[in-house]
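The values are calculated or read from the model by the stated rules, or taken from the named source; none is laboratory data. A quick note: this is a predicted structure, and the numbers were derived from the prediction, not measured. Ideal geometry is used to build each Cβ from the backbone, glycine not excepted, and the neighbour counts take in all protein chains shown. These accessible areas exclude ligands, DNA and RNA; they are computed on the full protein's heavy atoms, side chains included. Shrake-Rupley method; radii C 1.70, N 1.55, O 1.52, S 1.80 Å.
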Amino acid sequence: MNALQDPKIEGVAISAPGGKTLLRLLTCGSVDDGKSTLIGRMLYECGAVFDDKLGALDRDSKKFGTQGDSLDFALLVDGLAAEREQGITIDVAYRYFGSARRKFIVADTPGHEQYTRNMATGASTADLAILLVDARKGLLTQTRRHAFIASLLRVRHIVLAVNKMDLVGYDQTIFEDITQSFQTLAQGLGFASITPIPVSARDGDNIVARSTHMGWYAGPVLLEHLETVQVGPQAREGQGFALPVQWVNRPDLDFRGYAGTIAAGSIRVGDRVRILPNGQSSEVARLVTHDGDLQLAAQGQAVTLTLASEVDISRGDVIVSGATSARQGLELSAHVVWTSETPLRLDNRYVIKLATGQANADVVALHRVIDINSFEARAVSEVPLNGVALVTLRVDRPIVFDDYARNRVLGGFILIDRLSNETAAIGLVNSDALADLARASGWAEQVERRVIGHIGVAGSQARRRFLRSLVADLLVAVLLAGALGFWAGSLPVGLVLFLADLIIRSLVRALCRRWFRPSEGVSDGGGI
Amino acid sequence: MIQLTHLQKLEAESIHIMREVVATCDKPVMLYSIGKDSSVLLHLALKAFYPAKLPFPLLHVDTTWKFREMIEFRDRRARELGVDLIVHINDEGVKAGINPFTSGSRLHTDVMKTEGLKQALDTYKFDAAFGGARRDEEKSRAKERIFSLRSAEHRWDPKNQRPEPWSLYNTRKRPGESFRVFPLSNWTEADVWDYVALENIPVVPLYFAAPRPVVERDGTLIMQDDARMVLLPGEKVEERMVRFRTLGCYPLTGALESQATTLEAVLDEMRSSRVSERQGRVIDNDGAASMEQKKQEGYF
Ligand SMILES: Nc1nc2c(ncn2[C@@H]2O[C@H](COP(=O)(O)OP(=O)(O)OP(=O)(O)O)[C@@H](O)[C@H]2O)c(=O)[nH]1
Ligand SMILES: [Mg+2]
């Protein structure tokens, strides 16, 4: 065993070289609020900008800069030609830097609504979000949207950076008003901490050094807060073990190992395991690594394990042990952040990729779309780009999952458009949301949702299909009943037959739909 | 509960990425450029698939202007590890007499590297190619996804990248399209050296200081690695104690004066350096959006 694999290294926070801990964060907020400027400024003041890059920044600032002859720090992060020309951020930039006390990985994300999916990408791995607000403008729709998406993705800590204080005369009441409105907005979003800081990203006030213009502010400056905030371990104690099988390692007939990254818990040689979804069980024989076998492995490690008995396992299966909350199913309810220009429609079929599992997925119910301004649910028939909705998905083969709140790996997924191959949605499994919704809404709304579930939303393909079959059924029933009624010479007999036909046939059709849903196999692995 | 160190986390992430490629793509290949990042990439790949052998070949796009020590190192490592190594040279470029001295760095890189790479990928029909690029190297790389989709013409569309949440990769593509995959995306230069030290990974000796014959040209120290480098009037070859921070074509790679002959000394020097790693690369500095443009055209 070598130093890197020594499992004795323990501690609450993830330690980086030199004993420093690591914090992953993102910047977000509305367009032009100063996110990239803030990160550029912080990189600069932490000495993370090399001299040759500073020379380039000076040249670039003169050419593209928005700050006259002074440095435009956003240009340190806005690395694409189109971004520099337009003065906006289009895609996430990942930057790596450190201070004396901590290492940081920052995702600088775009504020433009059009690129919200790139913000969601940056937020998915972050522990903390710096949400910027332009002091002149206050909270905007995009500020709300980003706060909501951050909360959905379970970014637990927020820094509310009220920026451009220089443009409002460093006015304390403006800062306090914005802070107040944000506290109201954030109720129910479940953040563990909210830290408001008044800053000027352009001039570096309260970023690394304390501002001389805002004596009324006594709280921490930004870097100081980032260095000291406790975000807690991402791994939960006491979770059962789960290993999504990524690749079956079969170099020869004598070796069959299951390779993957441990999604939850830990495992020892000799532990009993079960395989989901097929339910077989076995025992861990070896934990194989290039540097020798391990006795123990835990969440986050990429391992190869072998089992004591022959079991049939392939990519997408999940090896579990202990009190795991991972489960298998054909239906799951989830929040989706829609990332495709083509809206989500009930009749569309997607490919779901969750951990290493993959299947065809139909959106069988669209329960609500969340209104970004009120955070309220609305019943609608489609979800546009950047919309957030609660849906039920049905997959064509059992998939193993968990709630996102419990496990990011087994609860986070993407939906892929089968035709364009683009990533159509970022999804988060949430089993409780449906029950919450039912409890929160009145009976009339529930009945409406049920009925809509059957007859489809107005204008949808499902509704057209329903109407077509209704007309066909009526026609057939009228003909049949008319003919038989005439033959029996009795109107009541005809009527009874008419009704019986209508009811029995729609019942049979409904059952058929339920039981014999045609499934198109999806080819996993090989060259998709 | 085991808490992983920073390097352990990076290692696990890279291994995860490599396995994902092998599980979902038809014909992967690993771009092997012989530098320290490639050495780390290869080391990680050996770990990822152990005890199986590497399930893909290595590909070196040889511009014919690499340092001789790099080529020796490449052939020795391939032999020692028993890996499958493909060396591709753009013969048309050689026939046309393209070279970094008279054709200029831009044309040389376009023809011998970018074109050469595309030729090799097309010839062997590779549908995924690993590269050792890191996001901390350059500002347009800081924007790139780990799975970077390229069109059938090998173009990168930086304005329309797929969202890439968590460690979930959309590996679907149309026939002809391919991926460039960057398992070291989240590593920094310091991480790479720390890992090289920790895992005892062999690297080309050019990274360590030694007396070498160099010529000062346009403010850069260029090592005269063979007789193809003709001296200009007034130039003279001097023996100086130098090393290299990155490795590429010798006429395009600036040397640093340094006394760092050991790994520890190199690490110290890097930590206190005030210039970026790629500063010695001649090609990066021709035009502000230069790297992005090359990438759009199919450069790694
Ligand atoms: N006066 C003043 N201007 C600022 C401040 N911070 C940023 N700016 C300016 O605001 C403009 C937008 O800044 P960016 O950093 O590009 O904004 P952004 O939030 O990254 O924008 P997107 O990424 O496109 O959403 C630029 O012209 C900045 O120079 C500040 O504190 N004071
Ligand atoms: Mg920006």
query = Which residue pairs have Cβ atoms closer than 9 Å, lie 6 or more positions apart in sequence or on different chains, and pair a first residue in the range A:191-214 that is free of Cβ contacts under 8 Å to residues at least 24 places away in the same chain and among the basic types (K, R) with a second residue that is open to solvent by less than 10 Å² (accessible area, probe 1.4 Å) and more than 16 Å from ligand 2 (Cβ to nearest atom)?
reply = A:R210/A:V221
ask   = Are any residues in the range A:139-182 without any contact (Cβ under 8 Å) to a residue 24 or more places away in the chain and either touching a strand residue (DSSP E or B) at 6+ places or on another chain (Cβ under 7 Å) or among the aromatic types (F, W, Y) (or both), and if so, which ones?
value = A:T179
inquiry  = Give me the residue from the range A:70-90 that is touching a Lys or Arg at 6+ places or on another chain (Cβ under 8 Å), assigned to a loop (DSSP other than H, G, I, E, B) and within 10 Å of ligand 1 (Cβ to nearest atom) and, out of that set, nearest to A:Y44 (Cα to Cα).
reply    = A:V77
inquiry  = Condition first: open to solvent by 20 Å² or more (accessible area, probe 1.4 Å), part of a helix (DSSP H, G or I) and modelled with pLDDT of 95 or more. Can you find one or more residues in the range B:129-149 that meet it?
reply    = no
Unmet requirement for B:Y169, which otherwise passes all of (1) crowded, with 22+ Cβ neighbours inside 10 Å; (2) over 17 Å from B:E13 (Cβ atoms); (3) facing chain A (nearest Cβ under 9 Å) = (2)
task = Go through the range A:147-165 residue by residue and tally those that are open to solvent by 10 Å² or more (accessible area, probe 1.4 Å) and touching a Ser or Thr at 6+ places or on another chain (Cβ under 6 Å).
result = 1
ask   = Would you pick out the residues in the range B:191-209 that are of a type outside the set (D, E, K, R) and open to solvent by less than 30 Å² (accessible area, probe 1.4 Å)?
value = B:V192, B:W193, B:Y195, B:V196, B:I201, B:V203, B:V204, B:L206, B:Y207, B:A209
query = Which of (1) of a type outside the set (D, E); (2) facing chain B (nearest Cβ under 10 Å); (3) crowded, with 20+ Cβ neighbours inside 10 Å is the odd one out, the single condition A:L296 does not satisfy?
reply = (3)
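Here is a yes/no grid of residues against (1) part of a loop (DSSP other than H, G, I, E, B); (2) more than 12 Å from chain B (Cβ to nearest Cβ); (3) open to solvent by 10 Å² or more (accessible area, probe 1.4 Å):
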| position | (1), (2), (3) |
| --- | --- |
| A:I267 | no, no, no |
| A:I275 | no, yes, no |
| A:G279 | yes, yes, yes |
| A:V284 | no, yes, no |
message = Taking the conditions exactly as written (within 12 Å of ligand 1 (Cβ to nearest atom) and at pLDDT below 95), does A:G122 satisfy them or not?
response = no
key: Residues of the range A:397-429 satisfying the condition of being open to solvent by less than 40 Å² (accessible area, probe 1.4 Å) and assigned to a helix (DSSP H, G or I)   = A:L410, A:G411
query = How about the range A:246-265: which of its residues are facing another protein chain (nearest Cβ under 8 Å) and open to solvent by less than 10 Å² (accessible area, probe 1.4 Å)?
reply = A:Q246, A:N249, A:G257, A:A259, A:G260
key: Residue that is farthest from ligand 2 (Cβ to nearest atom), among those in the range A:77-92 that are touching a residue at least 12 places away in the same chain (Cβ under 8 Å) and open to solvent by 20 Å² or more (accessible area, probe 1.4 Å)   = A:E85
ask   = From the residues in the range A:93-114 that are open to solvent by less than 30 Å² (accessible area, probe 1.4 Å) and free of Cβ contacts under 8 Å to residues at least 60 places away in the same chain, which one is nearest to ligand 1 (Cβ to nearest atom)?
value = A:A93
Filtered residue count, the range A:147-167, keeping only those that are within 16 Å of ligand 2 (Cβ to nearest atom) and either among the small types (G, A, S) or within 14 Å of another protein chain (Cβ to nearest Cβ) (or both) = 1
Per-region count, the range A:66-76, residues free of Cβ contacts under 8 Å to residues at least 60 places away in the same chain and buried (at least 20 other Cβ atoms within 10 Å of the Cβ) = 5
Single residue of the range A:62-87 satisfying the filter (modelled with pLDDT of 85 or more and closer than 17 Å to A:D203 by Cβ) that is farthest from the other protein chains (Cβ to nearest Cβ) = A:L71
ask   = In the range A:115-146, what count of residues is obtained for those that are within 12 Å of chain B (Cβ to nearest Cβ), open to solvent by 10 Å² or more (accessible area, probe 1.4 Å) and within 13 Å of ligand 2 (Cβ to nearest atom)?
value = 1
message = Step by step: first the residues of the range B:16-74, then only those that are closer than 22 Å to B:T114 by Cβ and among the hydroxyl-bearing types (S, T, Y), then the one that is most open to solvent (accessible area, probe 1.4 Å). Which residue is that?
response = B:S33
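Okay, residues lined up against (1) free of Cβ contacts under 8 Å to residues at least 60 places away in the same chain; (2) more than 8 Å from chain A (Cβ to nearest Cβ); (3) not in a strand (DSSP E or B):
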| position | (1), (2), (3) |
| --- | --- |
| B:R155 | no, yes, yes |
| B:P163 | yes, no, yes |
| B:A190 | no, no, yes |
| B:W193 | no, yes, yes |
| B:P202 | no, yes, yes |
| B:P211 | yes, yes, no |
message = Conditions first: (1) modelled with pLDDT of 95 or more; (2) surrounded by fewer than 21 Cβ atoms within 10 Å (Cβ to Cβ); (3) of a type in the set (V, I, T). B:V181 passes all but one, so which condition is the exception?
response = (2)
task = Kindly indicate whether A:D203 is of a type in the set (D, E, K, R), away from ligand 1 (no atom under 14 Å from the Cβ) and open to solvent by 40 Å² or more (accessible area, probe 1.4 Å).
result = no
request  = Any residue in the range B:19-30 that's touching a residue at least 40 places away in the same chain (Cβ under 8 Å) and at the interface with chain A (Cβ under 8 Å from one of its Cβ atoms): show its pairings with residues that are open to solvent by less than 10 Å² (accessible area, probe 1.4 Å) and aliphatic (A, V, I, L, M) at Cβ separation under 7 Å, as long as the two are six or more apart or on different chains.
outcome  = B:C25/B:A128
task = Name, by its number, the condition in (1) touching a helix residue (DSSP H, G or I) at 6+ places or on another chain (Cβ under 7 Å); (2) away from chain A (no Cβ under 14 Å) that does not hold for B:K143.
result = (2)
ask   = Quick one: A:V364 ticks every box in (1) open to solvent by less than 10 Å² (accessible area, probe 1.4 Å); (2) away from every other protein chain (no Cβ under 14 Å) bar one, so which box is it?
value = (1)
request  = Please find, within the range A:93-111, the residue that is nearest to the other protein chains (Cβ to nearest Cβ) out of those that are charged (D, E, K, R) and within 15 Å of ligand 2 (Cβ to nearest atom).
outcome  = A:R95
